[in-house]
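Before any comments, here is the structure.
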Amino acid sequence: REILFDHLQNFRKDSLMILSSHRMNEIKTLVNRVVEMDLGIVAVDKTVITETKN
């Protein structure tokens, strides 16, 4: 699992990835948009806001 996520981090930032996971804490660093489906219908479609430390 860790190796997979390390590999996914190396993809270009403008690439499209379709991930299926219930572990949002794992994928939040990989994506900038989340689409949540419920019974095949889009329930949530929003941009992920990344937190930066100053």
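The values are calculated or read from the model by the stated rules, or taken from the named source; none is laboratory data. Small disclaimer: the values here were computed from a predicted structure and weren't measured. All Cβ positions, glycine included, derive from the backbone under ideal geometry; neighbour counts span all protein chains shown.
Considering only residues in region 1-13 that are more than 13 Å from the chain's Cα centre (by Cα) and not in a helix (DSSP H, G or I), the one that is modelled with the highest pLDDT turns out to be N10.
Is it true that T47 is out of contact with any helix residue (DSSP H, G or I) (no Cβ under 7 Å at 6 or more places or on another chain), of a type in the set (S, T, Y) and surrounded by 10 or more Cβ atoms within 10 Å (Cβ to Cβ)? Criteria not met by T47. Residues considered: I27, I18. Of these, the only one that is among the aliphatic types (A, V, I, L, M) and either surrounded by 10 or more Cβ atoms within 10 Å (Cβ to Cβ) or more than 11 Å from the chain's Cα centre (by Cα) (or both) is I27.
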